[in-house]
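The values are calculated or read from the model by the stated rules, or taken from the named source; none is laboratory data. Note that the coordinates shown come from a computational prediction; the quantities given were computed from them, not determined experimentally. As a convention, Cβ positions derive from the backbone with ideal geometry for all residues, glycine included, and neighbour counts pool all protein chains shown. Protein only, heavy atoms only, side chains kept; ligands, DNA and RNA dropped before computing areas. Shrake-Rupley method; radii C 1.70, N 1.55, O 1.52, S 1.80 Å.
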Amino acid sequence: MKALRSFTVRPRLPESLRALEDLAMNLRWAWDERTRDLFRWVDPDAWEDSRHDPVRLLGLVSRARLVELEEDPAFRTFLDELSEASNRYLERPRWFQSREGLEGGGESPLRSIAYFSPEFGIAEALPQYSGGLGVLAGDHLKAASDLGVPLVGVGLFYRHGYFRQSLSADGWQQERYPELDPYAMALRATDAIVTVDLRGASLHARVWRADVGRVRLYLLDADVEENEPPLREITDRLYGGDTEHRLRQEILLGVGGVRALEAVGEDAQVFHTNEGHAGFLGFERIRRLVVDQGLSFAEALEAARGASIFTTHTPVPAGIDRFPRPLIETYFGGWANAVGLTFDEVMELGHEPGEAPDAPFNMAVMGLRLAGRSNAVSKLHGAVSRAMFAPLWPGAPEDEVPITSVTNGVHGHTWVSSEMSDLLSRHVQPEWPEAPDDRWARIEEAGDDEVWRVRDQSRQRLVTFVRSHLKSSLAARGVAAGDAGWTDDVLDPSALTICFARRFATYKRATLLLSQVERLQNLLLSRDRPVQFVFAGKAHPADDTGKEMIRQIVAFSSLAAVRHRFVFLDDYDIAVARQLLQGADVWLNNPRRPQEACGTSGEKAALNGALNCSILDGWWDEMYDGENGWAIASAEGVADLAKRDQLEADSLFALLEDHIVPTFYDRTQGPVPTRWVSRIKHSLASLGPQVTATRMVKDYVEQLYEPTAARADRLAADGLSAARALAEWKERVSASWKAVHIDTVHTDTVLGGLGDDEAGADLGEERRVAAVVSLGDLSPHDVEVQLLHGPVGPNAELTATAHVPMSVEGSADDGHIRYVGSFVCERAGRYGLAVRVVPSHPDLVTPLELGKVSWA
């Protein structure tokens, strides 16, 4: 019999234990070990049954047990202590409120940030994430909370989350989508209901609020009675459905997210889009400026861009959301009319220059066009992104394309084991995630025995977890208990343990080790120096190639000869990841460079004392120093992918056979592998201050949030007069730019006259440059003439280029203007210069923003 109506009954706690509910409803428990200890104390068995979910735990604990806790003075004291600690955390000033030395003095211009993301990985108890993007978003919110940064999150609440993974009898990935009850989670229902138009139908969405420490996270839920059944399913699954379903989700996230902020009373100053999925927030903000403030589209675009930041996470064009024109026209025809654009002009917002009007609408291109500042998520990814999106700025050199980078970091207290956290607290500082470089260096002074004991404990815990998890998985696949007895001896707590856990995408090459089975088996079956591997990860439900990679891994792990040394764990989530990250001796990553935007799992492993063995891609490319792990050689110059994979597999096996295994098992100085431990300590000292989300969020605040906040306020002042003026100036400069050109350039030493351009120069000699420029209808105030100089590399390209603004020396009757500048030759060898004209305006983020450059 099916219920006509259903509802959730929440437990009613005694008044003396009411603080338990407050602690459970703030997701800070996800990274506070003592709070989790408190809930474990409530009922250890129920804690495990709840899968470490405090809200669910409180629904499982018996009334008799609550009476016992009421009468337990030790428990009551601990509860009061943690309640007070939580209040202090939420109320006291933190880094953002307490910093000194702000540029120009005074207070920060930053008041509030709205951080939009399609997924958030806060804890396994709130499964609204699929993988790296969501986990990064969760770590971003947690670090913002720890630092006191005024940020709120905006996302969707998916009633089925991302899928739970299991395996068929032959190792093929199976997906199941359990229904989630928001009333039984750490979510609070707000009074807000937002409405979004979808093809003439009104889509309504409830707004839930999750408290992530000091940060509020708002999640929009379309599964409400006001919607017809097809509309209720819009927020059914993360990354599910067809192209139109995804477009509807992204409209709700972007357009509905902006409306949700207003409905709950959040006054956002800066809008940060985490990937292109929420990009339509820019459309909604532009529409409001046109309809409510009376701005033209161009003026509204400048005002909206001035407060916007776009972060790209995709290093390959195939990974970007694209929507066909008919769909965009169907859903945004009314928007085009409201803001005064033709539909070809709408499509141009999602097109590179020169693309056909009917080409698919590119969400990353739109994100870049609608943001005043944009960034990639590692230095290498920044270079890849500048190359990939260079056509958007046709006059700019590739290395000056205005996409910067902030390398991702990870939230230490979420991912680091309690034993390692204690070690870092003793030797670095109590709040080690916020420690500067010189404090991290102190970990080198830790005793080898002390460090190795932490690693032994973490590896032992991983082995215990793997045995239990594997036995449960086999039972779910129909394997009789008697036939699964071998799992009791899976893995060796003292053997070198290598972990590979991530999304099973083709470029990540999870099966690279299987390409040389004989060498792999020699490692696994060595009597004196065995190696064991633990794999985990999911393939997208529509990715049969990824599923086939999983099947191959599972098939190999099922062979009787190696199954005790090579395992695959299904249903990868935050809880499984934490066990692997804490227990691994080596974290393996072998993508095809440069297709890994960042790859933060290796950062988490490094903080736990694991050593990375990785292709130099993502974060590892900029942080590997030759001693803090190992770099797999990359053969990206080889066009034949099979040959490339073979060469890179050869490099990986050579590292394992000749360096990693011998170093781990070198016990010549006693039971502790001192050379291995030395590498661990150096890895922690060199990587610790770089890989934390604390560093990442500080970088965002100082490099992106505060400059964007100041510019947003400047453009919005006096009835948006600066935004209006900037739009008018851009239109005038763009219309007149064809007439801008450089006629002549002459150089010589300062002491001589202008003359022989090819004459050599002495090191340290000053050179003077003069250029005659025609500006057409523009004035010298509209432009900057720049002298660029530096060493000359291959193909006569300037390298390590310095920029010098040139000044007006005089003008001729024909409108030509003479500019002069000088520079010092700082290096011996071939040296060169160039001269260019770029637009100049005090409200531009960069002179290359318009993509207008005139070169000599």
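Just the accessible area per residue of the range 207-325, please: how many Å² with a 1.4 Å probe?
Using a 1.4 Å probe on heavy atoms only, each residue of the range 207-325 averages 32 Å².
Percent relative contact order of the range 26-114, based on C-alpha pairs within less than 8 angstrom and at least six residues apart?
The normalised contact order for the range 26-114 reaches 18 percent.
Compute from the Cα atoms of the range 112-207 the Rg and the Dmax, the latter being the longest Cα-Cα distance, and quote both in angstrom.
16.2, 51
Among the GluC sites (Glu not before Pro) in the range 277-344, which ones are in a DSSP loop with at most 14 other Cβ atoms within 10 Å of the Cβ? Mind listing them?
Qualifying residues, ordered by number: none.
Using the Cα centre of the range 199-336 as origin and beta-carbon charges of +1 (Lys, Arg) and -1 (Asp, Glu), tell me which of SER202, PHE297, ILE309 is placed farthest towards the positive end of the dipole.
Of the listed residues, the answer is ILE309.
Out of all DSSP beta bridges in the chain, what portion is antiparallel? Express it as a percent rounded to 5.
55
Measure out, as a whole number of angstrom, how far apart the alpha-carbon centroids of the range 338-384 and the range 257-288 sit.
When both Cα centres are located, 17 Å separates them.
So how compact is the range 354-452: Cα radius of gyration and Dmax in angstrom?
Final numbers for Rg and Dmax: 21.4, 66 Å.
Per-residue counts of other Cβ atoms within 10 Å, averaged by peptide: what ranking do you get for 191-198, 574-581, highest first?
Highest mean packing first, the order is 574-581, 191-198.
Using the Kirkwood formula on the Cα atoms of the chain, what hydrodynamic radius do you get, in angstrom to one decimal?
Answer for the chain: a Kirkwood hydrodynamic radius of 29.6 Å.
Using the structure shown, select from LYS538/LYS643; LYS547/LYS643; LYS547/LYS604; LYS142/LYS508; LYS738/LYS852 the pairs with a Cα to Cα distance greater than 19 angstrom.
Correct reply: LYS538/LYS643; LYS547/LYS643; LYS547/LYS604; LYS142/LYS508.
Take each of the peptides 625-636, 729-740, average the number of other beta-carbon atoms within 10 Å over its residues, and list them starting from the highest.
Put in order of decreasing packing, that is 625-636, 729-740.
Roughly how many debye, to the nearest 20, is the charge dipole of the range 682-755 about its Cα centre, given +1 on each Lys and Arg Cβ, -1 on each Asp and Glu Cβ, and no other charges?
With Lys and Arg at +1 and Asp and Glu at -1, about 200 debye.
Kirkwood hydrodynamic radius, the range 769-856, all distinct C-alpha pairs: what's the number in Å?
By the Kirkwood definition, the hydrodynamic radius is 14.0 Å.
Just want the answer: with Cβ charges of +1 for Lys and Arg and -1 for Asp and Glu, which residue in ILE320, ALA828, LEU370 is farthest toward the dipole's positive end in the chain?
ILE320
Under a 1.4 Å probe, what is the accessible area of the range 545-588 per residue, stated in Å²?
I get 26 Å² per residue for this part.
Grab the beta carbon distance between GLU728 and ARG675, set R0 = 41 Å, and tell me the FRET efficiency rounded to 0.05.
0.05
Could you state how much accessible area GLU225 has, in square angstrom rounded to the nearest 10, with a 1.4 Å probe and all protein chains kept in place?
Counting only protein heavy atoms, the figure is 140 Å².
Below 8 Å between Cα atoms, with a sequence gap of 6+, how large is the relative contact order for the range 584-702 in percent?
Taking the mean separation of contacting Cα pairs over the length of the range 584-702, I get 25 percent.
Calculate what fraction, in whole %, of the accessible area of the chain sits on carbon and sulfur atoms when a 1.4 Å probe is rolled over the protein chains.
48
Which of the peptides 582-594, 474-486, 703-715, 450-462 is most tightly packed, and how do the rest follow, judged by the mean count of other Cβ atoms within 10 Å per residue?
Packing proxy ranking, top to bottom: 582-594, 703-715, 450-462, 474-486.
Using the crude model of +1 on Lys and Arg Cβ and -1 on Asp and Glu Cβ, and no other charge, please compute the dipole size for the chain relative to its Cα centre, in debye to 20.
2020
How many Å² of accessible area per residue for the range 420-497, probe 1.4 Å?
Result: 47 Å² per residue.
Give me the percent relative contact order of the range 346-390, please, defined on Cα pairs under 8 angstrom at least 6 residues apart.
28
Compute, for GLU68, the solvent-accessible surface of its heavy atoms (probe 1.4 Å) with the complete set of protein chains present, and express it in square angstrom to the nearest 10.
100
Among LEU513, LEU474, LEU462, whose Cα lies farthest out toward the positive end of the dipole of the range 462-534, if unit charges sit on the beta carbon of Lys, Arg (+1) and Asp, Glu (-1)?
Toward the positive end, the furthest listed residue is LEU513.
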